[in-house]
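Engineer: Input: one structure, supplied below.
Bear in mind these aren't lab numbers, they're just calculated from the coordinates by the rules spelled out. Since the model is a prediction, treat every value here as computed from it, not as a measurement. Counting neighbours? That spans all protein chains shown, and the Cβs are built from the backbone with ideal geometry, glycine included.
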């Protein structure tokens, strides 16, 4: 078998901070297809702060997310392009969860010595691709050296009409609880990546090839999730949702947040959880529950929302990618898990908690 050529590795010290910034500027420069956004951009990369005009009559949204090596990603199986993509879409999902649309992004990198110029360029190729697909321009940021692992921090600004902004606090008893897309696939993809990494380490030779083809759907969900800007655009128009949150820490956790903020209870139905076959396949291989993946997996970047029956009927005509997973109830009824058998249990809180035990 022919040797695979090693990727080029240019040390960051050879081009310096400003040389790196120039390369980043070239990678994320505005293009003709960005005309609507670049028309409001007065000054991007190259000064102490970016300058842009805001839309008349709009509320500005601002969110930030950090991804830390060893906590959020493992460079053994996460490519720099995938990391760039995911860094952008995680924050775009927060904007969508307010009913808004993204506009501009700032990206800050803490870079350890093991990261080359080429790797940083691949990161920004992924980030710029995500921005282009979801109409969000990268207009600045920061770079710094790291003495430990890599860290990415993304700040995104968005906008929404005052009458269309949505919070976690608007759910009403009688509303449907709905989710977009399908659940549990991201953690399923992560489990496959972690398993193949372990198998590679145990093989002790360079002949090992991971078996990934049967798991393409769940791997894509983990490595290249899509924020639901499509639904945010619908919600910004003719559909009224009452409460809205994105699913980054697991469905059970997000239902808890929505109910706490809205001062309501909820019933979540096991039989309605949207699970794809690939997620169920992985759960079976690990002798685990696909339902547990859906409830507690996290990193879905789908939307959870409450909506009246009448508005849901209108939404169904505009999107075929939403599922009713429960009902909002009075607070006194608590947050209940309704099993397929009809048995009702308290829905235990869970999902990702950075500082939990």
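Engineer: What is the packing order of peptides 305-315, 102-112, taking the mean over residues of other C-beta atoms within 10 Å and listing the highest first? Walk me through the numbers on the way to the answer.
Structural biologist: Details: 305-315: 18.6, 102-112: 21.8.
Going from most to least packed, we get 102-112, 305-315.
Engineer: FRET efficiency for residue 147 and residue 62, Cβ-Cβ distance as r, R0 = 25 Å, nearest 0.05?
Structural biologist: Numbers: r = 30 Å, r/R0 = 1.18.
Here the calculated transfer efficiency is 0.25.
Engineer: Ok, one more. Could you line up 251, 212 from fewest to most neighbouring Cβ atoms inside 10 Å? Can you show the working numbers first?
Structural biologist: On the way: 251 28, 212 14.
Fewest to most other Cβ atoms nearby, the residues stand as 212, 251.
Engineer: For Kirkwood radius over Cα pairs in Å, the choices are (i) 21.7; (ii) 24.7; (iii) 22.4; which was calculated from the structure?
Structural biologist: Checking each listed value against the structure points to (i).
Engineer: Which order results if 197, 114 are arranged by neighbouring Cβ count within 10 Å, fewest first? It would help to have the intermediate numbers written out before the result.
Structural biologist: Values: 197 14, 114 11.
Ascending number of Cβ neighbours within 10 Å: 114, 197.
Engineer: Would you please calculate the Kirkwood hydrodynamic radius of region 176-346 over all C-alpha pairs and express it in Å, rounded to one decimal? Present the calculation step by step, with values, prior to reporting the outcome.
Structural biologist: On the way: mean 1/r = 0.0584 Å⁻¹.
Here the Kirkwood hydrodynamic radius works out to 17.1 Å.
Engineer: Moving on. Grab the Cα-Cα distance for residue 269 and residue 348, subtract it from 0.36 nm times how many residues apart they are, and report the gain in nm with one decimal.
Structural biologist: On the way: separation 79, 0.36 × 79 = 28.44 nm, distance 1.38 nm.
Fully extending the segment from residue 269 to residue 348 adds 27.1 nm.
Engineer: Here's something else I'd like to know. Would you please classify the overall shape of region 153-275 from the alpha carbon gyration tensor, given that a ≥ b ≥ c denote the square roots of the eigenvalues, rounded means a/c under 1.5, and beyond that prolate means a/b larger than b/c while oblate covers the rest? Before the final figure, lay out each step's value.
Structural biologist: On the way: a/c = 2.84, a/b = 2.06, b/c = 1.38.
The shape class here is prolate.
Engineer: Take the Cβ-Cβ distance between residue 195 and residue 319 as r, set R0 to 41 Å, and report the resulting FRET efficiency rounded to the nearest 0.05. Numbers along the way, then the final one.
Structural biologist: Values: r = 34 Å, r/R0 = 0.84.
The value I calculate is 0.75.
Engineer: Further, regarding this structure: To the nearest 500 deg cm²/dmol, what mean residue ellipticity at 222 nm is calculated for the chain from DSSP H runs of n ≥ 4 alone, each contributing -39,500 (n - 2.57), summed and divided by the residues?
Structural biologist: Numbers: 11 runs with 121 residues, N = 357.
Here the helix-only value at 222 nm equals -10500 deg cm²/dmol.
Engineer: Rounded if a/c is under 1.5, else prolate if a/b beats b/c, else oblate: with a ≥ b ≥ c from the C-alpha gyration tensor eigenvalues square-rooted, which is region 164-222?
Structural biologist: Numbers: a/c = 4.51, a/b = 3.77, b/c = 1.20.
It comes out prolate by the Cα gyration axes.
Engineer: Count the DSSP beta bridges whose two residues both fall in the chain, then state the antiparallel fraction as a percent rounded to the nearest 5.
Structural biologist: Details: 42 of 56 bridges.
Roughly 75 percent of the beta bridges in the chain run antiparallel, per DSSP.
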